[in-house]
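Take a look at the structure set out below.
The values are calculated or read from the model by the stated rules, or taken from the named source; none is laboratory data. On a predicted model such as this, the values are computed, not experimentally measured, just so you know. With ideal geometry, Cβ positions are generated from the backbone for all residues, glycine too; neighbour counts draw on all protein chains shown. The area values use the complete protein model at the heavy-atom level, side chains included, leaving out ligands, DNA and RNA. Shrake-Rupley method; radii C 1.70, N 1.55, O 1.52, S 1.80 Å.
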Amino acid sequence: MRPTAGPEPFTEHHCTSSAEEGRIMKQSQPRQGCLADVKVIDASNFLAAPSISMHLGDLGADVIKVERPGTGDELRAWGSARNGVGLYAKVINRNKRSVCADLRTPLGQEIIRRLVKDADLIVENYRPGTMEKWGLGFEQLRAINPRLVMLRVTGYGQQGPHSRKPGFGTALEGFAGAAYISGDPDRPPMLPAFGLADSSSGVMGALLGLAAVHEARRSGCGQIVDLALYDTMFAMLGPFVIDYDQNGRVQERSGSRLPWVAPRNVYRTRDQRWVTLSASSDRSFERLCEALDLGALREDPRFATNRDRVANVEALDALIQGGIEQFDRAVLIEKLENADAVVAPVNSVADILDDPHIAARGNVIRVDDPELGPLRMQAPAGRMQRTPQEVRQTGPRVGQHGAEILIGKLGLDEKELREAGLLPDRS
């Protein structure tokens with residue numbers, strides 16, 4: 001596996017007492033991710049919980065993915081495929097080692113018990129009570145490893161009247177209020193075109209899991225982290241709760257606008273392309289007006305302050321659209337950027353892959369995959385100076401690391417494993 005690293009924008013340095021010590025460290029120590037000493041067991045399925053372990057793996061954690069024998073995680077059947085190989089799983093399961101175990105069986109349960117002995121974190125997303133039914137609940141596992149953190153991801157959380165309900169991200173995007181406020185005012189509520197609840201839970205789960213692991217190393221005691229799929233997204237939805245509490249205002253759908261700042265929208269250019277544009281401060285609004293030759297808007301009392309602009313957003317958007325449609329997109333963007341106004345093109349994925357800034361930042365990386373050959377995917381988000389995130393490998397085949405881990409690490413019997421279908425590949 002040969003990952004293609006992104007560019008190195010930082011000046012290399014080390015926390016040492018002398019330049020010579022820094023030189024020796026640089027020569028003698030291979031660069032590792034900052035979570036190289038963290039061990040994670042991913043006993044989850046689908047998207048949200050596996051995204052958590054993906055982020056941790058990107059940061060260097062040793063992640064062991066436990067999958068059902070034969071078919072593996074159902075995510076492998078999601079989305080497009082090439083040569084019968086699911087593409088989404090190549091991203092979500094990157095930097096993980098895969099073993100098979102049927103958690104409904106005594107052998108599968110024994111595999112989990114052995115795996116958690118030296119693990120920092122186990123991630124699971126079964127309905128509340130399921131892991132306990134299998135003898136793999138938190139109390140049973142912490143008897144094996146008192147410092148173990150169990151991160152439990154469910155639709156509605158471990159407690160509450162809805163806790164027993166099944167819940168995929170789509171349902172929770174409605175439940176949390178995201179769908180209600182998304183879309184145009186005269187159209188039905190709109191779901192996001194990607195797994196918003198799942199993806200946001202992946203980021204928050206990684207944060208909460210790491211915080212709990214950090215505390216467990218200090219105290220010697222693990223704990224349960226209870227994350228509902230709607231939790232993060234609900235917390236991200238801005239001031240709509242406090243606005244309702246204090247003003248009795250229910251936020252309604254407003255298309256691409258926001259109810260607290262104007263202008264903010266997508267606008268069509270003369271060549272029938274689109275840009276996103278916002279002017280959140282009075283000065284940025286002035287720069288926008290200057291660049292579009294709409295200086296009269298600055299003197300119009302309807303648009304004097306941001307709250308005035310929000311109150312008169314229909315008239316404001318019509319005037320801005322009239323100014324924008326006088327220019328082709330490339331000319332418009334250059335004109336606005338020269339005026340220090342905030343604007344960006346509405347890019348398709350094809351546009352993104354051709355963008356020189358994306359290339360310079362290394363946001364898309366090329367990785368060699370044993371099944372598909374060279375392929376491209378999004379790089380981990382953000383940049384670390386000394387311990388950069390890295391895609392060391394794409395998602396593995398189902399059970400690819402079974403012999404290495406189940407026999408080599410856990411000491412299980414090869415014959416028993418093969419009879420159970422947990423070592424399907426002898427290669």
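Overall shape: prolate for the range 72-230, with the ratio a/c of the largest to smallest alpha carbon gyration tensor axis at 1.5 or above and a/b above b/c. Rolling a 1.4 Å probe over the protein heavy atoms gives the range 290-368 an accessible area of 58 Å² per residue. Per residue, the range 36-107 exposes 33 Å² of accessible surface when a 1.4 Å probe is rolled over the protein heavy atoms with every protein chain present.
222 nm [θ] for the chain, helices only, -39500 (n - 2.57) per DSSP H run of 4+, per residue, to 500?
Numbers: 18 runs with 152 residues, N = 427.
Mean residue ellipticity at 222 nm (helix-derived): -10000 deg cm²/dmol.
For Val364, the residues whose modelled amide H falls within less than 5 Å of its own, excluding neighbours fewer than 5 places apart on the same chain, are Ala379. For the chain, hydrophobic long helices are taken as DSSP H runs at least 30 Å long by C-alpha position along their axis with mean Kyte-Doolittle hydropathy of -0.5 or more; these are 196-219.
Over the chain, what is the relative contact order in whole percent, taking alpha-carbon pairs under 8 Å and six or more residues apart?
21
Just the protein heavy atoms count here, and of the accessible area of the chain at 1.4 Å, carbon and sulfur take up 52 percent. Amide H contacts of Gln223 (H built 1.01 Å from N, in plane; Pro and chain starts excluded): Val149, Met150 sit under 5 Å, all sequence-distant by 5 or more or on other chains. For a straight C-alpha distance cut-off of 15 angstrom, the aspartates and glutamates reachable from Lys335 (same-chain residues fewer than eight places away being disregarded) are Glu286, Glu290, Asp293, Glu325.
Classified by the C-alpha gyration tensor, the range 143-273 has a prolate form. Its axis ratio a/c, with a ≥ b ≥ c, is 1.5 or above, and a/b is larger than b/c. 3J(HN,Hα) along the range 129-137, derived from phi through the Karplus expression 6.51 cos²θ - 1.76 cosθ + 1.60 where θ = phi - 60°, amounts to x, 5, 4, 5, 4, 8, x, 10, x Hz, with x in place of Gly and Pro. Peptides 352-359, 302-309 ranked from most to least packed, by the mean per-residue count of other Cβ atoms within 10 Å: 302-309, 352-359. Ignoring lysines fewer than eight residues from Lys90 along the same chain, the ones with Cα atoms less than 30 angstrom from its Cα are Lys39, Lys65, Lys117, Lys165, Lys409, Lys415. Name the most mobile residue of Val63, Val331, Val367, meaning the one with the largest mean-square fluctuation, in a Gaussian network model of the chain with Cα contacts below 10 Å. Between Val63, Val331, Val367, it is Val331 that shows the largest mean-square fluctuation.
For the range 113-205, calculate the relative contact order in percent as a whole number, restricting contacts to Cα pairs under 8 Å that are 6 or more residues apart.
Working: 95 pairs, mean separation 20.9, N = 93.
Averaging sequence separation for qualifying contacts and normalising by length gives 22 percent for the range 113-205.
Asp300 to Asp186: FRET efficiency via 1/(1 + (r/R0)^6), r the Cβ-Cβ distance, R0 30 Å, to the nearest 0.05? Kindly include the intermediate steps, with their values, before the conclusion.
Numbers: r = 27 Å, r/R0 = 0.90.
Step by step, r from the Cβ atoms, then E = 0.65.
Just checking the listed ones, Ile405, Ile41, Ile122: in the Gaussian network model of the chain with Cα springs under 10 Å, the one fluctuating most is Ile405. Taking all protein chains together and rolling a 1.4 Å probe, Glu390 ends up with roughly 80 Å² accessible. Shape analysis of the range 281-427 places it in the prolate category; the axes a ≥ b ≥ c from the Cα gyration tensor give an a/c of at least 1.5, with a/b above b/c.
Put simply, the amide H of Phe46, placed in the peptide plane, has neighbours under 5 Å in Glu74, Leu75, leaving out anything fewer than 5 places away on its chain.
Normalised by the number of residues in the range 277-358, what is the relative contact order in percent for Cα pairs under 8 Å and 6+ residues apart?
Values: 57 pairs, mean separation 29.5, N = 82.
Once normalised by length, the contact order is 36 percent.
Can you give me the C-alpha center-to-center distance between the range 295-332 and the range 107-178, rounded to a whole angstrom? So the separation of the two Cα centres works out to 51 Å. If you run the Gaussian network model on the chain, springs between alpha carbon atoms under 10 Å, then out of Leu319, Leu35, Leu47 the most flexible one is Leu319.
Using 0.36 nm per residue and subtracting the Cα-Cα separation, the extra length available between Lys335 and Asp413 on full extension is 21.2 nm.
Straight-distance candidates among the aspartates and glutamates for linking to Lys133, with alpha-carbon spacing under 15 Å and chain neighbours fewer than 8 residues away dropped: Asp102, Glu110, Glu124.
Given [x] 71, 69, 33; [y] 81, 60, 50; [z] 61, 52, 41 as candidate values of Cα extents along the principal axes in Å, which corresponds to the one derived from the coordinates? Working out Cα extents along the principal axes in Å from the coordinates points to [y].
Solvent-accessible surface of the range 146-248, taken per residue with a 1.4 Å probe and all protein chains present: 54 Å².
The shape of the range 302-354 can be summarised by an equivalent ellipsoid whose semi-axes, obtained from the alpha carbon gyration tensor, come to 26, 13, 12 Å from longest to shortest. Hull volume per residue, based on the alpha-carbon atoms of the range 349-427 and their convex hull, is 134 Å³.
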